[in-house]
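One structure below.
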Amino acid sequence: MNNGVPNRWSFWSDPSWRLYRITQFVIVVILLTLLVLYLSGVSSVLYPLSTAVILNIVAATFVVTRTIQLRMKNGPRK
């Protein structure tokens, strides 16, 4: 029913993109948990929190790169 036009869920069928995206979701959950702990006064989570931020940036880079690759492969939107 999409008439060949990609929608926001069209990349879930790609295993690499799905792996990167799910990994990013997991990292974000860990990051938010550590942030809540840090804001509640637990200062010992500062280094894991910074590590989670860096991992999230790396995961987002992989997701964006794979998205661009898939869009180039599928051609321009109609």
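Values quoted throughout were computed directly from the atomic coordinates according to the rules given, and no laboratory measurement underlies them. The structure presented is a predicted model; accordingly, all values stated were derived computationally and were not measured. Cβ placement follows ideal geometry from the backbone for every residue including glycine, while neighbour counts extend to all protein chains displayed.
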Check your understanding: Residues with beta-carbon under 13 Å from that of GLN24, excluding GLN24: net charge, scoring Lys, Arg +1 and Asp, Glu -1?
Key -> +3
Study note, to complete from the structure: Looks like the stretch 15-74, by Cα gyration tensor root eigenvalues a ≥ b ≥ c and the a/c under 1.5 rounded cutoff (else prolate when a/b is bigger than b/c, oblate otherwise), is prolate
